[in-house]
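First the structure, in the form of structure tokens, and then the observations on it.
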2 protein chains.
Amino acid sequence: LAALIAGGLPLTSQGGRFVQTSAPPGVINLGLGQPSPGLLPLAEIGRAAQAQLAGGGDPLVLQYGAVLGDPEFRGSLARWLSDAYGHPVAAEQLMVTAGTSSALSFVSQTFAAPGATVVSEDPTYFLANGVFQSAGLSVRGVPIDEHGLDLVALERLLASGVRPAFVYVIPAYQNPTGACLQPERARELVALADRHDFLIVADEPYVALRYDDSAPFGSMMRHDEGRARVLSLGSFSKLLGPGLRLGWAHAEPKLIERLSLHGTLRSGGCFNPVIANIVHHTIDSGFLTAHVEQLRAVFGARASALTAALREHVPSARFEPPRGGYFCWVGLDESIDSEALLDRATDLRFIPGRRCAVERALASFVRLSFSFYEEHELVEGVRRLARLIS
Amino acid sequence: LAALIAGGLPLTSQGGRFVQTSAPPGVINLGLGQPSPGLLPLAEIGRAAQAQLAGGGDPLVLQYGAVLGDPEFRGSLARWLSDAYGHPVAAEQLMVTAGTSSALSFVSQTFAAPGATVVSEDPTYFLANGVFQSAGLSVRGVPIDEHGLDLVALERLLASGVRPAFVYVIPAYQNPTGACLQPERARELVALADRHDFLIVADEPYVALRYDDSAPFGSMMRHDEGRARVLSLGSFSKLLGPGLRLGWAHAEPKLIERLSLHGTLRSGGCFNPVIANIVHHTIDSGFLTAHVEQLRAVFGARASALTAALREHVPSARFEPPRGGYFCWVGLDESIDSEALLDRATDLRFIPGRRCAVERALASFVRLSFSFYEEHELVEGVRRLARLIS
């Protein structure tokens, strides 16, 4: 098979007018934190649109929408999340968003004064900082280890006088490290938030995408216990398709209410009510549940293929096998600068560790995504990485 | 007919789970700047969705979208706008937005430092200030008269040391006054922007909705002449439906490029690519053009019915007959406080002038919308206003 690929078997690719990032044939781009084109359920979204819009639906879905979103959609979402999280989620705790990239901007404007500081895991999602910076916020990093945010380091930063408006964390299957925030640490983080009066903004797109037999990891909200210290942001981007631009905020109603007072919502009404109406159908029909099950099987197998190939072809690589999410965080030999490595690569792309770093030096790390390519392509990608290193 | 209404003929109403603002039966709410429910083209949006999504479209429309939007959509939009505006619009000048309420937030973050000042027409769209305030900006008002922004007053404000990041104007059929910015003033405003280094953010949802036989009013962009001083925001909210949450930014490519560097777009890709794909079909099929023609006929007749009723029942009212847009701005007897009037009303709502004011005292004015109700309902609304005043 490897011979076939080397001989020109077409790789998964995407390009053309619709996409933010093209993946030209011949290159394996392990930087792409996107579902494979083949996993995007356009036909089902089309069927849902037909049922909700063409089939004599309520024209008022085209009017300025109820600020928090359609209560029936929020009810269906709450039931789905309660099941996916393994703990209860109430409709009153939910507000519809236009996806997490957009929500982070509105959350920044609502919960942080311009010029304020945000504390983020280090390393973190490499494009989140740009959203914070566009909102006029500055970002400080606190290291994350295999059990999540390093709270000793956070306490040290707080003791030094840094007063964060919020701490931005990705508790489940973190981007880029894949780490999960231990429950004890999560509870301690909420206690710290209470003591130092900051909000915890939890970016949680991967919770439903777990690949081991453990119980559902759940949302950071399970540790909030009514204290209104956690604002969790979820998204359909990694479950149905990023182009839907649909997600949710999940928090105590008083935080949801505060977010809903943003001028954009008071003026324009609910974010993306038509898309929410379409997605509503995919929840109630059971499609979303079935599709996520399929994603878990596909992505779980891809994660295994990637890590097996790493063990075989890059035996010096240090990594934790991903238990969920989209990414594997790989430490290469410390003498390697992964940005220089990337510069030399002609048929392989990845995200060098330094791009994910906030304040740390992570030059020898790489973030490899296993969401976009099929198993044999991931194996070939790792072979190319091994050749590049050697 | 009036007797029938008084006797209980049901009025246009809306309510239920989907809407931001309900209009209960029995009350005439002339504050509603929304299309009538009967004018929302759900069936056509459903057909377009079916054609684009269910009919074997490209699944990549569900991927993270090209930051500025699908170039083919932008091309179709440019052609439609060139026709609606009566002057050329190029695809390279366009970026897809999630509607103007959202775009104003991202424009504020991109083109104004936190704490900066925005100058706005006084009176202005009463919910725009909330968007600016959520972005940490402060707002100063400059009076608008029947020919648009008072540039003498603006120059006085500039001379006093105010340095606006941008001047926010609604050049065509202004909300709430219905005024149109005279071309000479528009050109002078651009010259002032050049001299004092500010941007002009033009909110232009009503340009296509003109009800007289004049030539198309066009966009503020026709006066920019390549100087990159104008950023025009357009929207499908008043043309197809607010719930679509779809609009566009229209400016010189270097301004569009700067807006597209916002962290939210770099992370999440294009705003609302799936909805843009659906609306694309309504442009290319000719539906949008036909629908806007229908809106012009319907709204034009409603504007005439409203102003005729005002002349008959509130002869002391001062107003300019609307030539386009959604609103009629009515000066009542100066002894009247329209907020107190509204407090006394049981079967009538409207927007009191003071809500639209920035710095001026406009207590005796009311903003009446003619977009939501049918002609006979508007007449009955004016009768109720007359009874309330007397």
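In the range A:363-376, of all residues being touching a residue at least 60 places away in the same chain (Cβ under 8 Å) and surrounded by fewer than 21 Cβ atoms within 10 Å (Cβ to Cβ), the one that is farthest from A:Lys238 (Cα to Cα) corresponds to A:His376. In the range B:113-127, the residue that is farthest from the other protein chains (Cβ to nearest Cβ) out of those that are open to solvent by 10 Å² or more (accessible area, probe 1.4 Å) and farther than 21 Å from B:Leu32 by Cβ is B:Thr117.
With respect to the conditions (1) over 23 Å from A:Arg227 (Cα atoms); (2) in a loop (DSSP other than H, G, I, E, B), A:Leu181 falls short on a single one, namely (1).
Exactly one residue out of B:Gly69, B:Gly130 is over 20 Å from B:Val292 (Cα atoms), in contact (Cβ under 8 Å) with a residue 12 or more places away in the chain and buried (at least 19 other Cβ atoms within 10 Å of the Cβ): that is B:Gly69.
Are any of the residues in the range B:102-111 more than 12 Å from chain A (Cβ to nearest Cβ) and modelled with pLDDT of 95 or more? Within the range B:102-111, not a single residue is more than 12 Å from chain A (Cβ to nearest Cβ) and modelled with pLDDT of 95 or more. Against the conditions (1) open to solvent by 10 Å² or more (accessible area, probe 1.4 Å); (2) among the small types (Gly, Ala, Ser); (3) at positive phi; (4) in contact (Cβ under 8 Å) with a residue 40 or more places away in the chain, A:Gly136 satisfies every one except (4). Go through the range B:285-339 and give me each residue that's of a type in the set (D, E, K, R) and over 22 Å from B:Pro216 (Cα atoms). Of everything in the range B:285-339, those that are of a type in the set (D, E, K, R) and over 22 Å from B:Pro216 (Cα atoms) turn out to be B:Arg311, B:Glu312, B:Arg318, B:Asp333, B:Glu334, B:Asp337, B:Glu339. Looking only at residues in the range B:297-314 that are out of contact with any helix residue (DSSP H, G or I) (no Cβ under 9 Å at 6 or more places or on another chain) and open to solvent by 50 Å² or more (accessible area, probe 1.4 Å), the one that is nearest to B:Trp80 (Cα to Cα) is B:Ala297.
In summary, B:Arg79 fulfils each of the numbered conditions (1) open to solvent by 10 Å² or more (accessible area, probe 1.4 Å); (2) within 9 Å of chain A (Cβ to nearest Cβ); (3) under 29 Å from B:Phe327 (Cα atoms); (4) not hydroxyl-bearing (Ser, Thr, Tyr) with the single exception of condition (2).
Is it the case that the range B:155-164 has a residue that's at pLDDT 95 or above, within 18 Å of B:Phe111 (Cβ to Cβ), surrounded by fewer than 17 Cβ atoms within 10 Å (Cβ to Cβ) and touching a His at 6+ places or on another chain (Cβ under 8 Å)? Yes: one or more hits.
State which residue is surrounded by the most Cβ atoms within 10 Å (Cβ to Cβ) when the search covers only the range B:29-38 and only residues that are more than 7 Å from every other protein chain (Cβ to nearest Cβ) and touching a residue at least 40 places away in the same chain (Cβ under 8 Å).
At the first step, the residues of the range B:29-38 found to be more than 7 Å from every other protein chain (Cβ to nearest Cβ) are B:29-33, B:35-36, B:38.
In the following step, the residues that additionally are touching a residue at least 40 places away in the same chain (Cβ under 8 Å) were identified as B:29-33, B:35-36.
On the way: B:Asn29: 23, B:Leu30: 27, B:Gly31: 21, B:Leu32: 23, B:Gly33: 24, B:Pro35: 25, B:Ser36: 20.
Looking at residues that are more than 7 Å from every other protein chain (Cβ to nearest Cβ) and touching a residue at least 40 places away in the same chain (Cβ under 8 Å), I get B:Leu30.
Of the helices (runs of 4 or more DSSP H) lying entirely inside the range B:197-288, the ones with 1 or more residues being on the phi < 0 side of the Ramachandran plot, facing chain A (nearest Cβ under 10 Å) and not acidic (Asp, Glu) are found at B:263-268, B:273-284.
Just to check your reading of the model, which residue among A:Asp333, A:Asp337 is out of contact with any helix residue (DSSP H, G or I) (no Cβ under 7 Å at 6 or more places or on another chain), open to solvent by less than 60 Å² (accessible area, probe 1.4 Å), touching a residue at least 24 places away in the same chain (Cβ under 8 Å) and more than 26 Å from A:Phe299 (Cα to Cα)? Can you show your working first?
On the way: A:Asp333 fails: open to solvent by less than 60 Å² (accessible area, probe 1.4 Å).
Answer to the check: A:Asp337.
Screening B:Gln133 against (1) at pLDDT below 95; (2) not aromatic (Phe, Trp, Tyr); (3) not in a loop (DSSP other than H, G, I, E, B) leaves a single unmet condition, (1). Of the residues A:Asn277, A:Asn272, the single one that is touching a Lys or Arg at 6+ places or on another chain (Cβ under 6 Å) and polar (S, T, N, Q) is A:Asn272. Identify all residues within the range B:39-64 that are at the interface with another protein chain (Cβ under 8 Å from one of its Cβ atoms), within 28 Å of the chain's Cα centre (by Cα) and of a type in the set (Gly, Ala, Ser); write none if there are none. Once the filter is applied, which keeps residues that are at the interface with another protein chain (Cβ under 8 Å from one of its Cβ atoms), within 28 Å of the chain's Cα centre (by Cα) and of a type in the set (Gly, Ala, Ser), the range B:39-64 yields B:Ala43, B:Gly46, B:Ala49. Within the range A:247-271, residues that are farther than 19 Å from A:Gly75 by Cβ and among the β-branched types (Val, Ile, Thr) reach partners that are modelled with pLDDT of 95 or more and surrounded by fewer than 23 Cβ atoms within 10 Å (Cβ to Cβ) with beta carbons closer than 8 Å, at six or more positions or on different chains, in the pairs A:Thr264/B:Ser134.
Looking at A:Ala159, A:Ala135, A:Ala165, A:Ala202, just one residue is out of contact with any Ser or Thr (no Cβ under 7 Å at 6 or more places or on another chain) and small (Gly, Ala, Ser), and that residue is A:Ala159.
The values are calculated or read from the model by the stated rules, or taken from the named source; none is laboratory data. Just so it is clear, the model here is predicted, and its values are computed rather than measured. Please note: Cβ atoms are built from the backbone with ideal geometry, for glycine as well, and neighbour counts cover all protein chains shown. Protein only, heavy atoms only, side chains kept; ligands, DNA and RNA dropped before computing areas. Shrake-Rupley method; radii C 1.70, N 1.55, O 1.52, S 1.80 Å.
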